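Following: one structure in structure tokens, then a few remarks.
The values are calculated or read from the model by the stated rules, or taken from the named source; none is laboratory data. Quick caveat: nothing in here was measured; it's all calculated off a predicted structure. Cβ coordinates were reconstructed from backbone atoms using ideal geometry, including for glycine residues, and neighbour counts include every protein chain displayed. What goes into the accessible areas is simple: the full protein's heavy atoms, side chains included, and nothing from ligands, DNA or RNA. Shrake-Rupley method; radii C 1.70, N 1.55, O 1.52, S 1.80 Å.
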Amino acid sequence: MVAIAEFQKIGIGLMGFGLFFLLFGVLLYFDSVLLAFGNILFLAGLTFIIGLRRTANFFFQRHKFRGSFFFLGGVSLVLCRWPVIGMLVESYGFVLLFRSFFPMALGFVLSAVNIPFLGEYFSSSSSMV
């Protein structure tokens, strides 16, 4: 029996390869095959990391339905070989899905990388707490 940690390691690898293929597909002028392969690997990696039930719960929450619709619709458009429109729709859905995560990620990046001007600007902004 494979341990949960092993599935998560596999998921991280799948997500890494998925992001690589997505980036490479965009760099090669929206190559639909690379983008489709990247999307499939990314979603498979997410499922391996957090599990099938949590993945379904994440995408089908009531307040995230619009973001999920656009994200999965964009993936479908890429799979139907409409890569530019699909990536635009998918990017919009990604922003809607992870909108609450962006301030936390920005705070982490700014604390890890000491950029004087940006650090002072964002630390003076109001707290999300």
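What is the number of the single condition among (1) open to solvent by 30 Å² or more (accessible area, probe 1.4 Å); (2) assigned to a helix (DSSP H, G or I); (3) not polar (S, T, N, Q) that residue 81 does not meet?
Here residue 81 clears every test but (2).
What residue, of 104, 87, is over 18 Å from residue 26 (Cβ atoms) and either open to solvent by 70 Å² or more (accessible area, probe 1.4 Å) or assigned to a helix (DSSP H, G or I) (or both)?
Exactly one residue qualifies, and that residue is 104.
Checking the conditions here, which among 41, 35, 46 is open to solvent by less than 80 Å² (accessible area, probe 1.4 Å), modelled with pLDDT of 95 or more and farther than 18 Å from residue 88 by Cβ?
41
Quick check on the stretch 62-84: of everything there that is of a type in the set (D, E, K, R) and more than 22 Å from residue 27 (Cα to Cα), which residue is farthest from the chain's Cα centre (by Cα)?
Looking at the filtered set, the residue picked out is 62.
Would a scan of the stretch 32-42 turn up a residue that is under 15 Å from the mean Cα position of the chain (by Cα) and over 20 Å from residue 98 (Cβ atoms)?
yes
In contact with a Leu (Cβ under 8 Å, 6 or more places away or on another chain), open to solvent by 70 Å² or more (accessible area, probe 1.4 Å) and within 24 Å of residue 101 (Cα to Cα) - does that describe any residue in the stretch 66-73?
yes
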